[in-house]
Amino acid sequence: MMKKMNRNVGFLILLIGLVACSAKSVKNSEEKGMESVSIEVPSFDADSAYAYVERQVAFGYRIPNTPAHRATADYLASELARHGAAVEVQSGTVTAYDGTELAIRNIIGSFSPEKKNRILLFAHWDSRPYADNDPDQSKHRTPIAGADDGASGVGVLLEIARQIGKNLPNAGVDIAFFDAEDYGAPYWSHSNDEDTWALGSQYWGRKPHKQGYRARFGILLDMVGGAGAQFRRELFSKYYASGIVEQVWSTAKRLGYGNYFIEEDGSYVNDDHIYINRYGIPSIDIIPCYRDTGFPAYWHTVGDTMENIDPLTLKAVGQTVLTVVYEE
């Protein structure tokens, strides 16, 4: 993800100009006439999610215009279909910060596509071509494995897709894997254009997979697998969708994951959710953003490998999001 905390937010907020939206938490049953239908929340399998993360990393660097990138896209689409989703692969071309034309694929899997009440869950699936935050400057032009930065969010969502495929929730669910989020301008380009990041979600915002697509809210998962991760309330999320933030954080606390979902404000993070919010879907970002210390030490380094991935963190995030979905 673009992994850039924005401390100069006033101008951005004025440009965005959307009203923060609130969501009402719904109890674990739905009234249908005189009947009350109980919905059982599935148990999120952290080992399965971990295996999904590991499988993505095994493909190699997931950089647009490479064979590993194409192979990973095929795998992600086939897994969503295997779990019963109606899958659409949105292929397109975007221009990178340096003029490179990138062949991208946004992969969207829809469960119960006929339902109007929908939830959008999303993550980016590409990996960064530069380890430009590595302590060793000689590695700055080396690609990163992106085990946490990219693969962890996708791994959690694939496990959520597996559970949804076995037991559909009341709401329709769309799971989107956005491409080219992490191809943003490195420091040596001397570019401050934040729109060089999140190219896949920008593309989707211009050309959604379904004309007039709507969802009640969206949840972005980014870097959600790190050992000991702590998720503070990202501030663009609070601006756009304070009610969803409260719903997710209160659900995590109720489930016993308050040591992961911290009741503190984090920072402003420019990420895929910005462009989904601009499209008009109130969306939040679950991401370990620390107001003072930034992102985890392995962020955008060659150290973003499977050694950092903890099934306990995957479980905390996955079970929380599953519960929010099934209680909707």
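One residue stands out in the range 83-102 among those that are open to solvent by 60 Å² or more (accessible area, probe 1.4 Å) and among the polar types (S, T, N, Q): the one that is nearest to ALA58 (Cα to Cα), namely SER91. Within the range 39-82, being surrounded by fewer than 16 Cβ atoms within 10 Å (Cβ to Cβ), closer than 19 Å to LEU322 by Cβ and modelled with pLDDT of 95 or more holds for SER43, ASP47, ALA51, ARG82.
Residues being charged (D, E, K, R) and over 18 Å from PRO113 (Cβ atoms) are represented in the range 164-179 by at least one member. Of everything in the range 217-231 that is under 15 Å from the mean Cα position of the chain (by Cα) and not hydrophobic (A, V, I, L, M, F, W, C), the residue that is nearest to VAL154 (Cα to Cα) is ASP222. Starting from the range 244-262, keep only residues that are more than 9 Å from ALA316 (Cβ to Cβ) and aliphatic (A, V, I, L, M), then list their pairs with residues that are modelled with pLDDT under 95 and part of a loop (DSSP other than H, G, I, E, B) whose Cβ atoms are within a distance under 6 Å, requiring at least 6 positions of separation or different chains. Filtered contacts from the range 244-262: ILE244/ALA23.
Beta carbons closer than 6 Å, at least 6 apart along the sequence or on distinct chains, pair a first residue in the range 161-180 that is within 28 Å of ASP195 (Cα to Cα) with a second that is in a loop (DSSP other than H, G, I, E, B) and at pLDDT 95 or above for PHE177/TRP125; ASP179/ASP126; ALA180/PRO64; ALA180/ASP126. Just one of the listed residues (ILE276, ILE284, ILE244) is outside any helix (DSSP H, G or I), open to solvent by less than 10 Å² (accessible area, probe 1.4 Å) and among the aliphatic types (A, V, I, L, M), and it is ILE284.
Would you check if there is a residue in the range 155-176 being over 16 Å from MET306 (Cβ atoms), open to solvent by less than 10 Å² (accessible area, probe 1.4 Å) and either in a loop (DSSP other than H, G, I, E, B) or polar (S, T, N, Q) (or both)? Yes, the range 155-176 contains a residue that is over 16 Å from MET306 (Cβ atoms), open to solvent by less than 10 Å² (accessible area, probe 1.4 Å) and either in a loop (DSSP other than H, G, I, E, B) or polar (S, T, N, Q) (or both). Being of a type in the set (S, T, N, Q), in contact with a helix residue (DSSP H, G or I) (Cβ under 7 Å, 6 or more places away or on another chain), open to solvent by less than 10 Å² (accessible area, probe 1.4 Å) and within 19 Å of GLN90 (Cβ to Cβ), is that true of even one residue in the range 223-238? Within the range 223-238, not a single residue is of a type in the set (S, T, N, Q), in contact with a helix residue (DSSP H, G or I) (Cβ under 7 Å, 6 or more places away or on another chain), open to solvent by less than 10 Å² (accessible area, probe 1.4 Å) and within 19 Å of GLN90 (Cβ to Cβ).
The values are calculated or read from the model by the stated rules, or taken from the named source; none is laboratory data. Computed from a predicted structure; not experimentally measured. Methodologically, a virtual Cβ is constructed for each residue, glycine included, from the backbone with ideal geometry; neighbour enumeration extends over all protein chains shown. Remember, those area values only see protein heavy atoms, side chains included, never the ligands or the DNA or RNA. Shrake-Rupley method; radii C 1.70, N 1.55, O 1.52, S 1.80 Å.
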